[in-house]
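No value in this document is a laboratory result; all are computed from the given coordinates. Fair warning: this is a prediction, and the values are worked out from it, not measured in the lab. Note that each Cβ is placed from the backbone with ideal geometry, even for glycine, and that neighbours are counted across all protein chains shown.
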Amino acid sequence: MKDIQKQQWVTDVTSVRTDTDLFQQGCVKEITRLNSLSTRGVLALSLFLVVSILAWYGFFFLPEPDAVTAVIGKPPSSRIISVVLLLYTFSAIILSLSRMTANMEHRSSFSHVGYLTAFFIFYYFGKSLEDNYWAVFGSGFTILGVESYRIWTFCAEGISKNREDLEYVTRTGRLPPRE
């Protein structure tokens, strides 16, 4: 009878050891994932800066606005584009701040780069890029700066929590208590 209890105890200790090992491996994987994710905001901001430089030089690789508008028609006025840019800017910032307060994981800030590039292109084809360059640049830098900070803080909090869990498991040999 004692041999059966001893064998069961050894099995229980082995399963606990395996659970802690699996937990440690999961924490290490999550830390690695969050480390790679934390740079996405800065990468999106860098891509936006490249697009902004191309816009500054007048999108030299695009066809002339007159050639394009002859085919697709007259673009919206710069006033309408500016109103939409203003609405987009406030909406994007509010959405980002709400994600930050809800501590939501949302990785994509590259979509903002696409939308901001579209604003540059609309202004380019409307022949008002020079007058509105700084509006798009300021909006984009603000939106992507907030997004970058949101992504970075989310990842930093996750990394910190996983490191604390790893330290607890290493120190005690047990899984951390559930919250």
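Worth a mention:
- Pairwise FRET efficiency - Glu157 versus Val42, Cβ, R0 = 25 Å, nearest 0.05: 0.90
- Projected label points at Glu167 and Phe90, each 7 Å from Cα along the beta carbon direction, are separated by 4.4 nanometres.
- Charge sum, other residues only, whose C-beta stays under 13 Å from Lys127's C-beta, Lys/Arg counted +1 and Asp/Glu -1: -3
- Of interest is the spacing of the C-alpha centroids, which for the range 45-88 and the range 122-171 amounts to 23 Å.
- Length available on full extension from His106 to Tyr149: 0.36 nm per residue minus the Cα-Cα distance, which gives 14.2 nm.
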